[in-house]
Ligand code: SF4
C-alpha cells in the first residue's frame with residue numbers, strides 16, 4: 001500500500017525539476033532492476049554518484065596489485081569485481097594469464113584463513129570499499145595477528161569528503177543506507193544545516209520508492225532537509241563498536257578517487273602499529289600514478305556529469321564482456337546498470 005502511494009506521488013510530481021544523486025551503486029542497480037526509473041516523470045532526474053567502491057578505485061591501485069602479483073610473487077586475494085578492472089597496462093585477470101596467483105574471496109577473513117593454511121605464500125588482501133567494508137578488513141588484521149605472510153593493500157574510502165565534493169552536482173543525495181548504518185546520520189544532518197538536502201534509503205522497492213517520494217515532497221517545499229527513510233537499519237548513532245574497531249587499526253589519509261582526483265582525508269590506511277600488515281610498506285612499493293583509457297568517461301559518470309550512454313564507447317567497444325572502464329566491470333557500476341537495464 002505504502003509502495004503504491006509512493007509510486008503515485010512520484011508519477012504525479014509536478015514541482016520544480018530535481019536532480020537526485022544515487023550515491024550508491026547498489027541503489028543505481030536496484031532502481032533500474034525494480035523498474036523505478038520507468039515511472040519517474042521528466043522533472044525527476046536520477047544521476048550516478050561516487051558510491052561504487054570498485055569504480056572509484058584508481059588505475060594506480062590496479063598497477064600496485066599487478067606489481068605485487070608479478071614482481072613480488074604475492075598471492076592476491078580480492079573480491080571478484082576488481083579482477084577485471086583495467087590498470088595502466090593490464091588487469092589482474094591479464095596478470096593471472098602471465099602466471100599471477102589471484103584468488104577471489106568473499107570476505108577479508110577468508111584471505112587470512114588462506115594465509116594461515118599456506119605459510120609458504122605471501123598473501124595480500126585488496127582492502128577496498130567504504131565504511132561498510134573497512135571493519136571486516138580490520139577484523140582480518142586482528143585474526144592474522146600470528147601470521148607474517150598476510151597483509152592488506154588498502155584503498156578504503158570514507159564518504160563525507162565525497163559528499164562535499166559532489167554537493168554542487170546535485171539537488172539532493174540518496175544516501176547509502178549501509179554506509180550510514182556504520183557512520184550514523186550526523187554527517188547528513190550537518191549537510192542539511194549547510195543547505196545540502198538528502199534522504200537515507202534502504203534497498204527494497206518499497207524502501208526506494210518511499211525514500212524518493214519523501215525526497216521530492218520535501219524538495220518541493222524549498223527548505224533544506226534530511227530524512228532517515230531507513231530507520232530499521234540506520235540509527236542516529238550508527239555503529240560505535242564498528243567505528244572503534246576501525247579507529248584502533250586504521251587512520252584517515254588522503255586518497256585518490258577515479259576521475260575525481262585526490263580528496264584530502266578521504267581514505268583509510270593502517271596505523272604505524274600495524275605496519276607489518278601494510279603491503280605497501282612490506283614490499284616497498286613506489287608510488288604508482290596509473291593512467292586510464294583517455295576515451296573512458298568513468299570520472300564524469302561517477303560525478304553525475306554525464307550518463308554512461310554519453311560515452312562514445314558505451315555498448316560498442318565497452319561492454320560487460322569486454323569492459324574498458326571500471327564502471328562497466330563492477331556489479332555496482334553505473335555503466336553496467338545502463339547496459340543491463342537501460
Ligand atoms: S561505457 Fe565504458 S568506457 Fe565509457 S565511461 Fe563507462 S566504463 Fe568507461
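The values are calculated or read from the model by the stated rules, or taken from the named source; none is laboratory data. Not measured: the values here are computed from a predicted model. All Cβ positions, glycine included, derive from the backbone under ideal geometry; neighbour counts span all protein chains shown.
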State whether the residues of segment 52-64 include one that is modelled with pLDDT of 95 or more and not in a helix (DSSP H, G or I). no
Given (1) away from the ligand (no atom under 12 Å from the Cβ); (2) over 17 Å from residue 63 (Cα atoms), identify the lone condition not met by residue 261. (2)
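To keep it simple, each residue is scored yes or no on (1) in contact (Cβ under 8 Å) with a residue 40 or more places away in the chain; (2) in contact with a strand residue (DSSP E or B) (Cβ under 6 Å, 6 or more places away or on another chain); (3) within 8 Å of the ligand (Cβ to nearest atom); (4) assigned by TED's automatic domain parsing to the domain that holds residue 69.
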{"site": "265", "(1), (2), (3), (4)": "yes, yes, no, yes"}
{"site": "271", "(1), (2), (3), (4)": "no, yes, no, yes"}
{"site": "276", "(1), (2), (3), (4)": "yes, no, no, yes"}
{"site": "294", "(1), (2), (3), (4)": "no, no, no, no"}
{"site": "301", "(1), (2), (3), (4)": "yes, yes, yes, no"}
{"site": "311", "(1), (2), (3), (4)": "no, no, yes, no"}
{"site": "325", "(1), (2), (3), (4)": "yes, no, yes, no"}
{"site": "328", "(1), (2), (3), (4)": "no, yes, yes, no"}
{"site": "334", "(1), (2), (3), (4)": "yes, yes, yes, no"}
Would you mind finding the one in 244, 248 that is more than 11 Å from the ligand (Cβ to nearest atom), touching a residue at least 12 places away in the same chain (Cβ under 8 Å) and over 16 Å from the mean Cα position of the chain (by Cα)? 248
